[in-house]
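What follows is a short report on a single structure.
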Amino acid sequence: MQHIAIQGEPGSNSHLVVRENHPDAQTVPCASFEEAFTRVTDGECELAVIPIDNSLAGRVADIHHLLPASGLHIVGEHFLRIRFSLLGLPGATLDGVRTVASHVHALGQCRHIIREHGWDTVVAGDTAGAAREVAEAGDPARAALAPPLAAEIHGLQVLAEGVEDAAHNTTRFVVLSREAVVPPRDAGPLVTTFVFTVRNHPAALYKALGAFATSGINMTKLESYMLDGRFTATMFLAEVDGHPEEPALAGALEELTFFTTDTRVLGTYPASPWRDGRH
């Protein structure tokens, strides 16, 4: 049986992604992203399923710092429409809730119902962990914002469904492996993710990206972040459509190296049907 590491407890959105897309696998909950990565690098798990960005909250910052240094490879992606429920003890009521707990991103994605009821908020390590803590506390005035799966696991009651603020709330997860698994060029729509560090020269980024524009390469993501707190060392994470062995993309990646100090492909993998409405 395949073992897949996730960050978070049973009942989390990461757990739900594994259940939906890898139903025959054993989910291995981890306390942190670092632990999930280590489980794969040490061979305890074959894969990790990790959130990388959300349509409302933006990127999951820790992942952009951890992934390039992990030695792991992106071999797939999944998109999950995020649905939060308000969970309480059996017999609890919506009017009786005084505090609500969840992951900081979940609290930020459910502001409307929190503001409407004037609840105090408590930041938890993850959504499913918040549900477990509510179940353990035994206090009907405490509730959690979590996926409905957490109610099933922890014996809680759903006090309100679909309490997220936006209907488009979606999180993208990447599947990480110790070994690179590169599909053939004709395997359908593909995505290539890579990181690079631009040289500290005027117009370096403009020149680095020029080849992608002139080659007609569709770049779907470009994000920057500082390295080691230095304002002069900026790393970029980019994603493009295509396979790195295709002549146009291969040429653009080669030209990129002339204007960067470090360029690494993190993975080439099938594009999720979610990207173009094929789901």
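Couple of notes before you dig in:
Table: residues versus (1) open to solvent by less than 10 Å² (accessible area, probe 1.4 Å); (2) at pLDDT 95 or above; (3) closer than 21 Å to PHE79 by Cα; (4) over 18 Å from the mean Cα position of the chain (by Cα).
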site: PHE236; (1), (2), (3), (4): no, no, no, no
site: ALA248; (1), (2), (3), (4): no, yes, no, yes
site: PHE258; (1), (2), (3), (4): no, no, no, yes
site: PRO270; (1), (2), (3), (4): no, yes, yes, no
site: TRP274; (1), (2), (3), (4): no, no, yes, no
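- The single condition among (1) touching a residue at least 60 places away in the same chain (Cβ under 8 Å); (2) under 15 Å from the mean Cα position of the chain (by Cα) that ALA5 does not satisfy is (1).
- First in segment 118-141 and in the same structural domain as GLY155 (by the TED database) and within 14 Å of GLY88 (Cα to Cα), second anywhere and part of a loop (DSSP other than H, G, I, E, B) and β-branched (Val, Ile, Thr), Cβ under 9 Å, 6 or more apart: TRP119/VAL97; PRO140/THR93; PRO140/VAL97; ALA141/VAL97
- Candidate set from segment 67-118 (those that are out of contact with any strand residue (DSSP E or B) (no Cβ under 9 Å at 6 or more places or on another chain) and in a helix (DSSP H, G or I)); member that is nearest to SER32 (Cα to Cα): ALA69
- Only one of the listed residues (VAL191, VAL175, VAL240, VAL181) is farther than 17 Å from HIS65 by Cα and in contact with a His (Cβ under 8 Å, 6 or more places away or on another chain). That residue is VAL181.
- Some residue of segment 189-199 being open to solvent by 40 Å² or more (accessible area, probe 1.4 Å) and within 25 Å of the chain's Cα centre (by Cα): yes
- One residue alone among ARG185, ARG132 is more than 30 Å from LEU222 (Cβ to Cβ) and either crowded, with 16+ Cβ neighbours inside 10 Å or not acidic (Asp, Glu) (or both), and that residue is ARG132.
- Selection of strands (runs of 3 or more DSSP E) fully inside segment 185-279 by the criterion of at least 3 residues being aliphatic (A, V, I, L, M), touching a strand residue (DSSP E or B) at 6+ places or on another chain (Cβ under 9 Å) and closer than 26 Å to THR171 by Cβ returns 190-198, 219-227, 230-241.
- The selection criterion, being without any contact (Cβ under 8 Å) to a residue 60 or more places away in the chain and either outside the structural domain of LEU222 (by the TED database) or in a strand (DSSP E or B) (or both), does not hold for ASP53.
- Any hit, segment 92-115, residues being surrounded by fewer than 19 Cβ atoms within 10 Å (Cβ to Cβ), in contact with a Gly (Cβ under 7 Å, 6 or more places away or on another chain) and at pLDDT 95 or above: no
- Output for segment 136-148, where each listed residue is hydrophobic (A, V, I, L, M, F, W, C), surrounded by fewer than 20 Cβ atoms within 10 Å (Cβ to Cβ) and out of contact with any Lys or Arg (no Cβ under 7 Å at 6 or more places or on another chain): ALA137
- Lone qualifier among GLU152, GLU164, GLU179 - being open to solvent by 20 Å² or more (accessible area, probe 1.4 Å), touching a Cys at 6+ places or on another chain (Cβ under 9 Å) and not in a strand (DSSP E or B): GLU164
- Residue check, LEU67 modelled with pLDDT under 95 and crowded, with 19+ Cβ neighbours inside 10 Å: yes
The values are calculated or read from the model by the stated rules, or taken from the named source; none is laboratory data. Please read all numbers here as calculations on a predicted model, not as lab measurements. Positions of Cβ are backbone-derived with ideal geometry, glycine not excepted, and every protein chain shown enters the neighbour counts. What goes into the accessible areas is simple: the full protein's heavy atoms, side chains included, and nothing from ligands, DNA or RNA. Shrake-Rupley method; radii C 1.70, N 1.55, O 1.52, S 1.80 Å.
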